[in-house]
Each structure stands twice: as C-alpha cells, then as structure tokens.
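Reviewing the structure listed below.
The values are calculated or read from the model by the stated rules, or taken from the named source; none is laboratory data. Quick caveat, the model's predicted, so the values are computed rather than measured. FYI the Cβ positions are ideal-geometry reconstructions off the backbone, even for glycines, and counts take in every protein chain you see. Please note that ligands, DNA and RNA were not included when accessible areas were found on the heavy atoms of the full protein model with its side chains. Shrake-Rupley method; radii C 1.70, N 1.55, O 1.52, S 1.80 Å.
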Amino acid sequence: LWPEKGVNSVSEVLIEATNMKKVFSGVVAIEGIDFELRQGEVHALMGENGAGKSTLSKIIAGIYQSDGGELKVNGKVENFSSVREAVDHGVSIVTQEFSLLPDLSIAENIFLADKKYYKGGFLADKKAMAAQTYSLLALFGMEKTIDPYAKVSRLSVAQMQVIEILKAVSTQARVIILDEPTASLSVKEIEILFGIVRKLKAEGVGFIIVSHKINEIYEISDRITVLRDGRLILKGVETASLAQDELIRAMVGREVEDLYGAGSTGEKPDWTHAPVAFEARGITDQNNYVRDISFQVRQGEIVGFSGLVGAGRTELMRAIFNVDPRSGGQVLIDGQEITGRSIKASVAAGLGFVPEDRKTEGLIQELSVLKNVGLAKLAARGGAVLNRRAEEADCNEMVRRMEIKTANIDLLVKNLSGGNQQKVLLAKWILLDPKVLIIDEPTRGVDIGAKSDIYAILRSLAARGMAIILVSSEIPEVMGVCDTIYVMREGRVTARLTAQEATEEKIGYYSTIGVEKA
C-alpha cells in the first residue's frame, strides 16, 4: 500500500510546523506553535478545550489555512488550500463528525472520490470497490466481520471509525490525524482501534491523536505536545519520560492534586447509615432488554453503573426517569412510589436526569446560557416565561457556583467549550435541587481541568445529602468517584462492588464474561 515505506529511517520527519498562527475574526486561536511528526510514531496533541489542538490539526489537514508560520510535509513547504490537496500529499484527518454517507455501502464510502473505480469516468465499478475494500479489511483481520457491501447506516460507531481510517489508508496516507477517536467506543472497541494504529505504525504511518483521555495517551503514544490558550507549553516530550501530574499541570496551568474531587470537601461523609433516598424495584424496559433490575441509593451516596457500550445502562436510566416507557417495575423516592409515568412526574418527585448527549438532548445550542440554565425550572413550574430578574439571579448564582467560563449569560451556549457546556447542563438540574440526580457520562468530551471541577461538584452535592447515580464508560472514573458500583452486561446486573472491592480487572471481567448477580 505504501511503496516508498522502508526506504527511509523511522526518524524521518513527516510533518514540521514552525511558528504557526491562526486568527478568527480578530481573535488569535494559536500563535508561535511548533510541532513535529516522525515516521512510524503516534504523537499526542493535548490541552484543554479551546487550547488550539483542533485548529492546528485542521491547518495540517487543509481544512484551515494558516495566517503565519511554515508547514513542511515530507520536507517540502506546503500551504494546503483544501482537504483534497492535503490527501493528495498523503495527509488525512478523521474528525469526531464522520464524513460517511449512511445510505451508501462501505466500499462506496471508501472509494467514492477515487476516479480509478469509475467506468467511463462516471459509472461506479462497485465490484472492484468491494474487492479492494475486502483487501483493506483483510490487512487488519476484519474481512469476516465487516461486509464491504453493507450500508454504513448498519454499522456501530466503532465500525464507522474503522471505515474512516480505511478511507485514509486507501489513499496511501502517510499521516493520519485522529480527533477524539475513542470518545464513543467501548474498551474492546478501543483495543481493536489501537491494534489497527499499531499495525499502521509498523508500516511507517505517522499518527497525530487529539484526546482528553490521559490513560489512553500513555498506552498508545510515543511523544506528547501540549497547548494551552493557543500557546505551546510542551513540545514533543517522550511519553515514557513525562509523569502524569506534570502533563496535567502543563495542560491546565495549575496543580490538580485530587482529580476525582474526593478531597475537595474535606472528610468524606458517612452515608452507610443514611436513609434510602432512591429505590428501583424490578425495572424492565419496554423492549425487555433491561430486565428486572433493582438497586438502592442512600442520601449522600454516589452509585456508579459500569459496562460496555450496549450493556443497557442508558436504557435503564431512561426507563427510570420515564423518558422511555417501561413494561414493569417501580421507582421510589424517600419511600414514596412515583405513580405517574411521565418526565414531569419524575421531576416533581425530586428526580433529575443529565443525559449523555448534551448537544442534542441536554441543551438547546441556539439558546443563551441564561435560557438553558432556566429550562428545567421553567418546565417544572409551568408557564411560558420566568421573571427576568429572578432568572438572571438564578443563572448568575449557578455560573458562580459551577465556575462556568462565559463572557456573559446571554452568550449562545454553542459558543462555550465542551466542559463549560457540561457545567451548564449540570446547572440546569442542580438549580432544581433534586433529591436524586442521574448523570449519564458526566465528562464525555471534557478536558482534564473541567473533569476535576465536575468531580468536585458531584462530591459537594453528595456531601450535602444528594443521592447521585452516575453512568460512565471510563472505569477509572467510576472507581474514583463512586461509593458503590454496579456492572451491567446485556441488560442485566452482573456484579455489585463496593469502592474498596472494585478493580479494573474485576469490572472488566463482569462487563464481558462475568456471571449474572443472583
């Protein structure tokens, strides 16, 4: 696939960016940035949201054009005017928003823009596309699990990620940029993805990975570059020589001594003898996938739900909150059953729900911070509007309390960083002061500084007596934040572990092959 590979040494420089600068509407996004990618390495580009990682990546990939500095690709100065031009020079990018056409086949998506696969210049040779796709899949041992003729709409997120990488491989890309590649993947799917990355590394391909997941970066990367506020903080430091606390300090500009916030509120409260705030009895969802699940949460306790993608955790929470109908089971708050089968009944009983997809289910992107913070309270109280002065007072209090970084409360929420959007979503529900708060994937797509803030917020809420149910795909997060952990697989609970009993190995075991808890 890469005929020139093996000719040069592994240390050959594929990308050399010097003194890069980009300005948007008079605002400097990055300035004075140096970056280097060598053949056959994975170079992690890290920093908080808004640090400039994506801006630099998009300049290298031809999505943006720089306003200063010099970019060399394979030793030659370039200034790509388009993604197509970058691809022609061996540089491809896989963004978080996949560029796949759902109603076309896998093979068609991979070779859609390749003129070699069109008869007479306009008639697609689907058979040839499929044959070459099969060969690409065979490179990674996936020819038996993925059908080249299958429509993309039938694929999982992880499989779509693989197809995007195969698109890059099909162009003989020597540089592949992966932007948050594992954000929606399970542990097993991440293993498959990293296996593909390592195989391509051995072929001499260079990877730039943008990610917030520190544990994964230490697993897969060779070097790390850190940006903060559009400036270069660390350049090309060997991953093995960089301590995690040094990396975090470089990213956030301060010490994060206790990432999970356990020490932020002093001595951890004793919830073990506290009254039961929440109880689920025999919850079964409408599709009979989640079946007969029961558990309790005491006042001040944080209960976590872990498991692979598709284990049924989100379906369970949606059934509990009455987002989706359930075919059986009871939900009790302070011993009183929620008799109504509506979201309004759940909220009225003292239950809050922070969904995993903040952009489409949690927030209205075209509304201001002010309006988003007040949404749940408006719905709970009824009526069309709240008193403007009271609404502003509530919002300003939540911005202060949650340390939301916004120019003003009338700013559209879509203009905030991911971490600050997540804080707005939390504020929307905390404003109601629920007795029980369900929060699904609290830190997905959030940088390390905002993660630390969110964990501290959750600990503070628990210390005040709120019962919290937390769903997370990140095992370290569940272990670091939760007092009790339930593990799910295929719609069933397979284990209940205390914080003291839990290990990554145990959670992984019960997520995959562990027996169902009696």
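Considering only segment 282-385, give the helices (runs of 4 or more DSSP H) lying wholly within it that have at least 3 residues that are touching a Cys at 6+ places or on another chain (Cβ under 9 Å) and either open to solvent by 30 Å² or more (accessible area, probe 1.4 Å) or in contact (Cβ under 8 Å) with a residue 40 or more places away in the chain (or both). Walk me through how you get there before you give the answer.
On the way: elements: 313-320, 343-348, 369-373, 375-381.
Qualifying helices (runs of 4 or more DSSP H): 369-373.
In segment 89-127, what residues are touching a Ser or Thr at 6+ places or on another chain (Cβ under 8 Å) and either part of a helix (DSSP H, G or I) or exposed (fewer than 13 other Cβ atoms within 10 Å of the Cβ) (or both)?
Taking segment 89-127 as the starting set, the residues that turn out to be touching a Ser or Thr at 6+ places or on another chain (Cβ under 8 Å) are 90, 92-93, 102-103, 106-107, 110-111, 114, 126.
Those that are touching a Ser or Thr at 6+ places or on another chain (Cβ under 8 Å) and either part of a helix (DSSP H, G or I) or exposed (fewer than 13 other Cβ atoms within 10 Å of the Cβ) (or both): PRO102, ASP103, ILE106, ALA107, ILE110, PHE111, LYS126.
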*Limited to segment 47-88, what total is found for residues that are buried (at least 17 other Cβ atoms within 10 Å of the Cβ), touching an Asp or Glu at 6+ places or on another chain (Cβ under 9 Å) and of a type in the set (S, T, N, Q)?*
4
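Anything in segment 131-155 that is assigned to a loop (DSSP other than H, G, I, E, B) and under 26 Å from the mean Cα position of the chain (by Cα)? List them, or say none.
PHE140, MET142, THR145, ILE146, LEU155
Out of all the residues in segment 12-46, which are farther than 24 Å from ALA202 by Cα, open to solvent by 10 Å² or more (accessible area, probe 1.4 Å) and part of a strand (DSSP E or B)? Spell out how you get there, then give the answer.
Taking segment 12-46 as the starting set, the residues that turn out to be farther than 24 Å from ALA202 by Cα are 18-34.
Restricting the remaining residues to those that are open to solvent by 10 Å² or more (accessible area, probe 1.4 Å) gives 18-19, 21-29, 31-32, 34.
Scanning segment 12-46 gives THR18, ASN19, LYS21, LYS22, VAL23, PHE24, VAL27, VAL28, ALA29, GLU31, GLY32, ASP34.
Tally time: how many residues in segment 165-181 are of a type outside the set (A, V, I, L, M) and out of contact with any Leu (no Cβ under 7 Å at 6 or more places or on another chain)?
Let us first name the residues in segment 165-181 that are of a type outside the set (A, V, I, L, M), namely 167, 170-172, 174, 179-181.
Next, from what is left, pick out any that are out of contact with any Leu (no Cβ under 7 Å at 6 or more places or on another chain): 167, 171, 179-180.
Result for segment 165-181: 4.
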*Scan of segment 328-366 for residues that are touching a strand residue (DSSP E or B) at 6+ places or on another chain (Cβ under 7 Å) and hydrophobic (A, V, I, L, M, F, W, C), ordered by number*: VAL331, LEU332, ILE333, ILE338, ALA349, LEU351, PHE353, VAL354
